[in-house]
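Encoded as structure tokens, the structure appears first; notes follow it.
The values are calculated or read from the model by the stated rules, or taken from the named source; none is laboratory data. Predicted model only: the values in this text are computed from it and were never measured. No Cβ is skipped: glycine too gets one built from the backbone with ideal geometry, and neighbour counts run over all protein chains shown. Note: areas computed on protein heavy atoms with side chains; ligands, DNA, RNA excluded. Shrake-Rupley method; radii C 1.70, N 1.55, O 1.52, S 1.80 Å.
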Amino acid sequence: MLNPDAALEIVLSSVSRLETERAALRDCLGRVLAEDVRADEDIPPFDNSAMDGFAVIADDTQGAARDNPRRLEVVAEQPAGKMTTQAVTPGAAIRIMTGASMPRGADAVVVVEDTDSQAGDVVIYREVSRGANVRRAGEDVKRDQVVLREGTRIGPAQMGMLASVGMTEVQVFRKPRVAIITTGDELVDASERPGPGQIRNGNQYSLLGQTLLAGAEVSLLERVGDDKEQIERALSRAAAGSDLVIVCGGVSVGDYDYVRDVLAKLGEIRFWKVAIKPGRPLVFGHIKDRPVFGVPGNPVSCMVTFDLFVRPALRRMMGDESECHKVVRGGVTEDLRHKPGLREFVRAVTTYSLPTQGRAGEGSEGVYTARPIPKRGSGMLSSMVEANSYIVLSEETGDVPCGDTVEIILFADV
Ligand code: AMP
Ligand code: MG
């Protein structure tokens, strides 16, 4: 049985980045940049006011206080998006709004709350220093600076940044096309009422969700029976028309588990069985140069093996270089039984709490706490529904007592 790290190595070393293409920014959420992006100008492009108030010469406010107000003449108004030709000269002020360009001559802004307006003048109750309430040109981003690197996954903030530097079209990696084949004579479509001995094809949808959430697209969604010819036909078609194939079920040692035979016939098997729980019967191989994952049919095993092996493969194909899993450490709230040998992924609800009042400010950080979900069977999908994380019990670990620190993988939202 293969160690999961070694298995992941094999998977990652046998997939490569796909080609790139140009895409409209509005279609780029969840996609991965295939170019470094530089700022075409400073952000912000000009010095501007951070507040509503009055643009002044800081020296004119020296000593100003509630009981020692200063009076300046308001010579113009500068709303955002407008450019006054007036300059601020000693003894004068310009009424200014947040985001408006700083008028010539002014070097500070007095916020409106520290002023009163009186007959064309402004009365100032607070001294400001040079630069107060002014946002400098380029203080966020400097012109020509790389704002986003190749390999960055585009989330909402990245979309905003791309728009801010005028990139309405970006070079991104092509989306992997994924074929999802579910196998099993007991399966009926989700829209059907199962007859005796039948169940609905839930995994088709959890795999669909995982695939889409990973940023890939689904090129084939097919269900076949436990039948060698059907599986062979589906696998050939899948390998021909997609970049990665997932075939679910039929990878164990049961009498009707044909997926390995078919994969060996059409291509080659790189490994079968990984030392993980759930998900041990995972098979991985190729048909031509298409990676093929045979994931176990048990609904939790199916999702876990996707998370651990398929998603990293898809990310590599998409050019995504960020960490695949968000791993934290935290205390476990129950005793956990575990036999050494397999790396187990226990579904858990992990919460983060800030330090208690008394300890705050001492540099202490918040803590993660993982509550294992009692349903640990690999067939119990409700455990995945409830969970937001896996507790990872290493192959060396035995029973883990309540309160011990464990490694936790937080579920990805992308
Ligand atoms: P298998 O991996 O084919 O041996 O299936 C293991 C278990 O998972 C069996 O109880 C199957 O009925 C169940 N199973 C297989 N495929 C699916 C599926 N697509 N949706 C839900 N359950 C499944
Ligand atoms: Mg089966």
Inset, instruction - Could you tell me whether residue 270 is open to solvent by 30 Å² or more (accessible area, probe 1.4 Å) and either part of a helix (DSSP H, G or I) or modelled with pLDDT of 95 or more (or both)? - result: yes
Inset, instruction - Determine, yes or no, whether residue 132 is hydrophobic (A, V, I, L, M, F, W, C), in contact (Cβ under 8 Å) with a residue 40 or more places away in the chain, under 22 Å from residue 44 (Cα atoms) and assigned to a loop (DSSP other than H, G, I, E, B). - result: yes
Legend entry - Inter-residue pairs, beta-carbon under 8 Å, first farther than 19 Å from residue 387 by Cβ and open to solvent by 40 Å² or more (accessible area, probe 1.4 Å) and in the stretch 332-357, second at pLDDT 95 or above and not polar (S, T, N, Q), 6+ apart: 339/398; 340/395; 340/396; 340/398; 341/275; 341/395
Legend entry - Criterion violated by residue 228 - all others in (1) closer than 18 Å to residue 11 by Cβ; (2) more than 11 Å from ligand 2 (Cβ to nearest atom) satisfied: (1)
Inset, instruction - Please name all residue pairs, on different chains or six or more residues apart, with Cβ atoms under 6 Å, provided the first residue is in the stretch 180-193 and is modelled with pLDDT of 95 or more and of a type in the set (Asp, Glu) and the second residue is more than 6 Å from ligand 1 (Cβ to nearest atom) and open to solvent by less than 50 Å² (accessible area, probe 1.4 Å). - result: 185/225; 185/226
Legend entry - Scope the stretch 226-235; condition crowded, with 17+ Cβ neighbours inside 10 Å and more than 11 Å from ligand 1 (Cβ to nearest atom); matching residues: 230, 231, 232, 234, 235
Inset, instruction - Run down 76, 34 and say which single residue is of a type in the set (A, V, I, L, M) and closer than 30 Å to residue 162 by Cα. - result: 34
Legend entry - All positions within the stretch 242-253 that are more than 28 Å from the chain's Cα centre (by Cα) and more than 9 Å from ligand 2 (Cβ to nearest atom): 253
Inset, instruction - Any chance you could count how many residues in the stretch 59-99 are assigned to a strand (DSSP E or B) and not aliphatic (A, V, I, L, M)? - result: 7
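Is the stretch 157-164 home to any residue that is surrounded by fewer than 16 Cβ atoms within 10 Å (Cβ to Cβ), assigned to a strand (DSSP E or B) and without any contact (Cβ under 8 Å) to a residue 40 or more places away in the chain?
Keep residues of the stretch 157-164 that are surrounded by fewer than 16 Cβ atoms within 10 Å (Cβ to Cβ), which gives 157, 160, 163.
Among the residues that remain, those that are also assigned to a strand (DSSP E or B) are: none.
There is no residue in the stretch 157-164 that is surrounded by fewer than 16 Cβ atoms within 10 Å (Cβ to Cβ), assigned to a strand (DSSP E or B) and without any contact (Cβ under 8 Å) to a residue 40 or more places away in the chain.
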Legend entry - Unmet requirement for residue 256, which otherwise passes all of (1) within 14 Å of ligand 2 (Cβ to nearest atom); (2) under 24 Å from residue 413 (Cα atoms): (2)
Inset, instruction - Read through the list (1) open to solvent by less than 10 Å² (accessible area, probe 1.4 Å); (2) small (Gly, Ala, Ser); (3) within 26 Å of residue 348 (Cα to Cα), then give the number of the only condition that residue 275 fails. - result: (1)
Inset, instruction - Could you tell me whether residue 294 is small (Gly, Ala, Ser) and over 27 Å from residue 387 (Cβ atoms)? - result: no
Inset, instruction - Kindly indicate which of 143, 104 is within 30 Å of residue 321 (Cα to Cα) and among the charged types (D, E, K, R). - result: 143
Legend entry - Filter result for residue 192 (open to solvent by 50 Å² or more (accessible area, probe 1.4 Å) and away from ligand 1 (no atom under 16 Å from the Cβ)): no
Inset, instruction - Check residue 110 against each of (1) in contact with a Ser or Thr (Cβ under 7 Å, 6 or more places away or on another chain); (2) farther than 13 Å from residue 74 by Cβ and name the one condition it does not meet. - result: (2)
Inset, instruction - Determine whether the stretch 302-311 contains at least one residue that is open to solvent by 20 Å² or more (accessible area, probe 1.4 Å), assigned to a loop (DSSP other than H, G, I, E, B), within 16 Å of ligand 1 (Cβ to nearest atom) and closer than 16 Å to residue 383 by Cα. - result: no
Inset, instruction - Run residue 187 past the list (1) open to solvent by less than 30 Å² (accessible area, probe 1.4 Å); (2) more than 23 Å from the chain's Cα centre (by Cα); (3) under 30 Å from residue 49 (Cα atoms) and report the number of the one that doesn't hold. - result: (3)
Legend entry - Which listed residue, of 341, 294, 279, 319, is within 16 Å of ligand 1 (Cβ to nearest atom), among the small types (Gly, Ala, Ser) and at positive phi: 279
Inset, instruction - Quickly run through the stretch 239-274 and pick out the residues that are among the aliphatic types (A, V, I, L, M) and either within 11 Å of ligand 1 (Cβ to nearest atom) or closer than 16 Å to residue 310 by Cα (or both). - result: 239, 244, 245, 246, 247, 251, 253, 259, 269, 274
Inset, instruction - Answer yes or no: is there a residue in the stretch 285-298 that is open to solvent by less than 60 Å² (accessible area, probe 1.4 Å), more than 14 Å from ligand 2 (Cβ to nearest atom), assigned to a helix (DSSP H, G or I) and touching a residue at least 12 places away in the same chain (Cβ under 8 Å). - result: no
